[in-house]
Amino acid sequence: MTIAERNWWKEQVIYQIYPRSFQDTTGNGIGDLNGILSRLDYLSYLGVDVIWLGPVYPSPNDDNGYDISDYKGIHPDFGTMADFEHLLAEVHRAGMKLIMDLVVNHSSDEHPWFKSAVASKESPYRDYYIWEEGKASGPPNNWVSFFEGPAWTLDEKSGEYYLHLFGKKQPDLNWENELLRKEIQDVARFWLDKGIDGFRMDVISLISKPQDFADAPYEDFVDIVDKVYANGPRVHEFMRELHDEVFCHYDMIALGEGAGINPEEAVKYTGKDRGELNMIFQFDHMHLDFGKKGRFDPVAFSVKDLKDCLLRWDAGFAEDGWQSIFLDNHDFARMISRFGDDSDQYRGVCAKLFSILLLTQRGTPCIYQGSEIGMRNTHFDSLEECRDLETFNYYRSFKAAGMSDADFLAVANQMGRDTTRSPMPWNEDENAGFTQGTPWIKMGDDVSAINVQSDVMRADSILRFYRGMLRLRKEELALVYGSLVDLPQDNASLFVYKRVWSTKKEELLVVLNMSSTKQAAPDIDFSKWRLLIANCLIKTPKHLSPWEGRVYKRNLSPQ
Ligand code: TEU
């Protein structure tokens, strides 16, 4: 086994801010940059290193900012460029870093490039997008969008179709065009020169399209993404070009969102001599419950499936490459609601267990806002309360296929993206201190009990536990550099592994009971280990309570 090289970016913990839902200061019901500024003390208290700031650029907000109409501006809902610069300076002053979302697989259809491209086939911007002639029966091929329905929309004026792997207001950019690639380089330089510390790069694995635009020979949407849309013929060339032209001149984090990658591809994106990205997000564990028609067609999965998936991916990075570990984000249900038990009885202990899992895997951890206080899925009582275009698009098609509103709402409450986008609950004030206006999306149902203030006050809170785990992550570099060694168990509810750091002759042991029932403890002589942290009072060494998690340490005896 090779010994992982030390790099500062491996030692960071990232905190994802979904700007609309973090903190409003103007009363318009939408979070803003000054709101984030006002909460920097909180992030310092929590102990995270890097803020990943979701998109704050001008946008018609068809997909909440993932449809950008000006890559070099700030949306007035969020503030001004001066506010951004002030925030960045204060983030740095607080000893943290800030990375921005770079959304360049597609732009908004309201971007001046697209407007010009549509206005005339002769426009120099026409080729910044992907146009194809339709077939007699309709679109150029059978590709479907991530957000349901065809991935092509007809431009009536020219009679050609443009490609959009996401919503129809999100036309895909044509990376085959060199001038377009130069524009992207220019955008990246613009922000890096302001002093930001890197990018989270939205669906970067999708930027190179197979140029024959042949039909996708798969029914299952995950297959279509993995085998047709992702890792296209020139993607690594494009990544290297961006690195050589821009990224290599900055000491930065380049974190790719790797929709549709597999372990082999992941190492190509992030291998240390490849000159592409530092790290990547993979999505296999997020797709465990996706059925043939995607997220709104869920299937059952087990703890073993989750474990196997995490182990398979860790093994993929054993020799080279690096990943960023996450268990939820703004696109997926809350981790305790999805993988755990979010009942009143077990929410607390379960959220703490998942913090152990998240912060003891090998990879740069990413905490999604609110997980550190154990937020659970928000439940919507009607579709009128929902906000996400993906939900609305799937609703139309599932309804046309005969599904009832009640059944669809039940699935949306389990799997939809809105479940995870409710504003941060800060305290017991009106709207939990998020806004003095009307929140853009419903607050969680339980904000009077689940909020930051109440967790700060309680010694045994989830928040305090996260702080402890974050401290541990800083103190124990074995958690960053140690190899991950699974200790297989007959009991499928247990996840037991070691992090072995041979360089320093140290190893850590992680014992997790991922179930709501008491389990026999693994057959390990715990007297040989020193307990570092645990989420329960250890009642008997022979048993693990529901969702009990522990981390131990010992020094390896000299060989
Ligand atoms: O998401 C990409 C995306 O669609 C995946 O996370 C997807 O949900 C998963 O692979 C399941 O198929 C990014 C952004 O995070 C999301 O909010 C945007 O809507 C999307 O890109 C388009 O920009």
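On full extension of the chain, what length is gained from Arg189 through Val456, given 0.36 nm per residue of separation minus the C-alpha to C-alpha distance?
Numbers: separation 267, 0.36 × 267 = 96.12 nm, distance 3.93 nm.
Extra length from Arg189 to Val456 when fully extended: 92.2 nm.
Placing +1 at every Lys and Arg Cβ and -1 at every Asp and Glu Cβ, with all other atoms neutral, what dipole size does the chain have around its Cα centre, in debye to the nearest 20? Please report the intermediate quantities before stating the final value.
Details: 62 positive and 87 negative charges, 469 e Å.
Once rounded to the nearest 20, the dipole reads 2260 debye.
How about the stretch 20-129: which GluC sites (Glu not before Pro) there are in a DSSP loop, with at most 11 other Cβ atoms within 10 Å of their Cβ?
On the way: sites: Glu85, Glu90, Glu110, Glu122; in loops: Glu110, Glu122.
Loop-located and lightly packed - Glu122.
Could you list log10 I(q)/I(0) for the stretch 479-554 at q = 0.28 Å⁻¹, which the Debye formula gives when each Cα is one point scatterer?
Those come out to -1.44, one per q.
By its C-alpha gyration tensor, with a ≥ b ≥ c as the square roots of the eigenvalues, how is the stretch 368-517 shaped: rounded for a/c under 1.5, else prolate for a/b larger than b/c, else oblate?
Numbers: a/c = 2.80, a/b = 1.56, b/c = 1.79.
Oblate shape, in that a/c is at least 1.5 and b/c is the bigger or equal ratio.
Starting with the fewest neighbours, write out His111, His249 ranked by other beta-carbon atoms found within 10 Å of each beta-carbon.
His249, His111
Counting other Cβ atoms within 10 Å, which GluC sites (Glu not before Pro) in the stretch 194-283 have at most 16 and lie in a DSSP loop?
Working: sites: Glu219, Glu237, Glu241, Glu245, Glu257, Glu264, Glu265, Glu276; in loops: Glu219, Glu276.
Within the stretch 194-283, the qualifying GluC sites (Glu not before Pro) (loop, at most 16 other Cβ atoms within 10 Å) are Glu219.
In the stretch 252-396, what is the count of Lys pairs whose alpha carbons are under 27 Å apart, counting only pairs at least 8 residues apart or on separate chains? Kindly include the intermediate steps, with their values, before the conclusion.
Working: Lys268/Lys307; Lys272/Lys307; Lys292/Lys304; Lys292/Lys307; Lys293/Lys304; Lys293/Lys307; Lys304/Lys352; Lys307/Lys352.
Qualifying lysine pairs in the stretch 252-396: 8.
What distance in nm separates the simple spin-label points at Asp344 and Glu132, each placed 7 Å from Cα in the Cβ direction?
Simple spin-label model gives 5.4 nm for this pair.
Contour minus end-to-end for Ala410 and Leu383, with contour as 0.36 nm per residue of separation and end-to-end as the Cα-Cα distance?
Length difference between fully extended and current span is 8.7 nm.
Run the helix sum for the chain: -39,500 (n - 2.57) per DSSP H stretch of 4+ residues, divided by residue count, reported at 222 nm to the nearest 500 deg cm²/dmol.
Numbers: 16 runs with 153 residues, N = 559.
After summing the helix terms and dividing by residue count, I get -8000 deg cm²/dmol.
Using the crude model of +1 on Lys and Arg Cβ and -1 on Asp and Glu Cβ, and no other charge, please compute the dipole size for the stretch 479-554 relative to its Cα centre, in debye to 20.
Values: 12 positive and 7 negative charges, 70 e Å.
Dipole of the stretch 479-554, to the nearest 20 debye: 340 debye.
What do you get for trypsin sites (Lys or Arg not before Pro) in the stretch 1-97 restricted to DSSP loop and a cutoff of at most 16 other Cβ within 10 Å of the site's Cβ? It would help to have the intermediate numbers written out before the result.
Working: sites: Arg6, Lys10, Arg20, Arg39, Lys72, Arg93, Lys97; in loops: Arg6, Arg39, Lys72.
Passing both the DSSP loop test and the Cβ count: Arg6, Lys72.
Which listed residue (Val13, Ala266, Thr517) has the Cα farthest towards the positive end of the charge dipole for the chain, taking +1 on Lys and Arg C-beta and -1 on Asp and Glu C-beta about the Cα centre?
Projecting each Cα onto the dipole axis, the largest value belongs to Thr517.
Would you mind ranking Met457, Met424 so that the residue whose beta carbon has the fewest other beta carbons within 10 Å leads the list?
Working: Met457 10, Met424 25.
Listed from fewest to most nearby Cβ atoms, that is Met457, Met424.
Considering every pair of different Cα atoms, what Kirkwood radius, in Å, is found for the stretch 280-349? Before the final figure, lay out the partial values.
Values: mean 1/r = 0.0742 Å⁻¹.
Result for the stretch 280-349, one decimal place: 13.5 Å.
Taking the alpha-carbon distance from Lys121 and a cut-off under 19 Å, which aspartates and glutamates remain once sequence neighbours fewer than 8 residues away in the same chain are dropped?
Leaving aside aspartates and glutamates fewer than 8 places away in the same chain, those within reach of Lys121 are Asp109, Glu110, Glu132, Glu133, Asp155, Glu156, Glu160, Asp172, Glu176, Glu178.
Lysine pairs in the stretch 479-554 with alpha-carbon atoms under 20 Å apart, 8 or more places apart or on different chains: how many are there?
Going through the stretch 479-554 pair by pair, I get 14.
Choose one of Phe326, Tyr481, Ala136: the residue whose Cα lies farthest towards the positive end of the charge dipole of the chain (beta-carbon charges +1 Lys, Arg; -1 Asp, Glu; about the Cα centre).
Of the listed residues, the answer is Tyr481.
Principal axis lengths of the stretch 179-325 from Cα atoms, whole Å, largest first?
Principal-axis extents of the Cα atoms in the stretch 179-325, largest first: 47, 35, 25 Å.
Mind jotting down the three principal axis lengths of the chain based on Cα atoms? Whole angstrom, largest first.
Answer, in whole Å and largest first: 75, 54, 50 Å.
Rounded to the nearest 20 debye, what is the charge dipole size of the stretch 112-163 about its Cα centre when +1 sits on each Lys and Arg Cβ and -1 on each Asp and Glu Cβ? Write down the numbers at each step before the final one.
On the way: 5 positive and 8 negative charges, 18 e Å.
Computed about the Cα centre, the dipole is about 80 debye.
None of the figures in this text is laboratory data; all of them are computed from the coordinates on show. Quick caveat, the model's predicted, so the values are computed rather than measured. When we count neighbours, we look across all protein chains shown, and the Cβ atoms used for this are built from the backbone with ideal geometry, even at glycine.
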